[in-house]
1. What FRET efficiency do you get for Thr110 and Gln222 if R0 is 25 Å and r is their Cβ-Cβ distance, rounded to the nearest 0.05?
2. Residue by residue, what Karplus-based ³J(HN,Hα) values in Hz, rounded to whole numbers, does the stretch 137-154 have, using 6.51, -1.76 and 1.60 with θ = phi - 60° and x for Gly and Pro?
3. Suppose every K and R has +1 on its Cβ and every D and E has -1 on its Cβ; what is the size of the dipole of the stretch 60-189 about the Cα centre, in Debye to the nearest 20?
4. How far apart, in nm, are two points set 7 Å out from the Cα along the Cα-to-Cβ line at Gln136 and at Arg44?
5. Name the trypsin sites (Lys or Arg not before Pro) in the stretch 72-116 that are in a loop by DSSP and that have at most 11 other C-beta atoms within 10 Å, would you?
6. For the stretch 80-221, with every protein chain kept in place, what is the accessible area per residue (1.4 Å probe, Å²)?
7. Report ³J(HN,Hα) in whole Hz for each residue of the stretch 196-207, in order, from the Karplus equation J = 6.51 cos²θ - 1.76 cosθ + 1.60 where θ = phi - 60°; Gly and Pro get x.
8. Share of the stretch 77-135's accessible area from carbon and sulfur, percent, 1.4 Å?
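The values are calculated or read from the model by the stated rules, or taken from the named source; none is laboratory data. Small disclaimer: the values here were computed from a predicted structure and weren't measured. Don't worry about glycine lacking a Cβ; one is built from the backbone with ideal geometry, like all the others, and counts go over all protein chains shown. Quick note on the areas: whole protein, heavy atoms, side chains included, nothing else; ligands and nucleic acids left out. Shrake-Rupley method; radii C 1.70, N 1.55, O 1.52, S 1.80 Å.
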Amino acid sequence: MLDVHPAHHAANTWRDFFIHIATIVVGLLIAVGIEQAVEYFHHRHQVAETREALRVEREININRFAVATAEFRRFAPILQSDLNVLVYIRDHPGATFTQLPARLNWYTITVPFNDSAWKTAQQSGVLQYMPRDEVQRYSQLYDRLTRLAFRLQSERDDLFKARGFTVRDADPTHLSPAELAHQLDLMTDVVLMHGTSGGELRNINRQYPDFTPAPSANELYQVLHSPPAPEDVKAVSALSEQIDKFDAEHGGAIHDSSSTEAK
């Protein structure tokens, strides 16, 4: 708070009066300037601290991204094997547990991503002191990670639904034809969501190359069994490049360049 004290004696002339007013004005300007300088350096310190926190959190998420990709690659053939077991039971009525081509496997890990530093930055108001394009890049990245986390959690939820029958009886050969048909639908949903999660991993890697490794297009096709036609790939790539060019020229938001295999 700024304190203004009255003069110890009255001004006797206009000259004394204006000198007194000027002294007050200069004092106020100096005080305001010092206060603003203190705030400026405080905000600079806040921004530096926030950037460091976001950098550390990014490194953590990059490591978790790599783990998520490794788990995608490990679990993809397991899911396909689970689906094949159910198909085998459907195509071989009366098959026993010992005759199955493999054992059902439900064991997996869901990788979480950190966003505490980003939420703290949003709540503290420090983002208003950072360049708009920098804040936008952070926002887009965390939006991507949130979407990926949602896909991974949805896949886990679908997996728990698919394995629900094991609570009653772990032997899938005991399923009735209707139950088996329903089980095939549930496992198909899990495989589809697994492919979708892989697509999100791939999309993040495209926009943020330091988030690596990521599933390749061929790995996604092996899960979804739906490689796009070459002409579709060419058309979608052309549209994606058109958006990228416009965004680069106008500072627009990074778009979602995912094609059908990544949805």
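1. 0.70
2. Values per residue, Gly and Pro as x: 5, 4, 4, 5, 5, 5, 4, 4, 5, 5, 5, 4, 4, 5, 4, 5, 5, 5 Hz.
3. 400
4. Calculated label separation equals 2.6 nm.
5. Arg103
6. Accessible area per residue, the stretch 80-221: 52 Å².
7. For the stretch 196-207, the Karplus-derived couplings read 5, 4, x, x, 5, 4, 5, 5, 4, 4, 5, 7 Hz, x marking Gly and Pro.
8. Values: 1890 of 3540 Å².
Looking at the stretch 77-135 in its full context, I get 53 percent from C and S.
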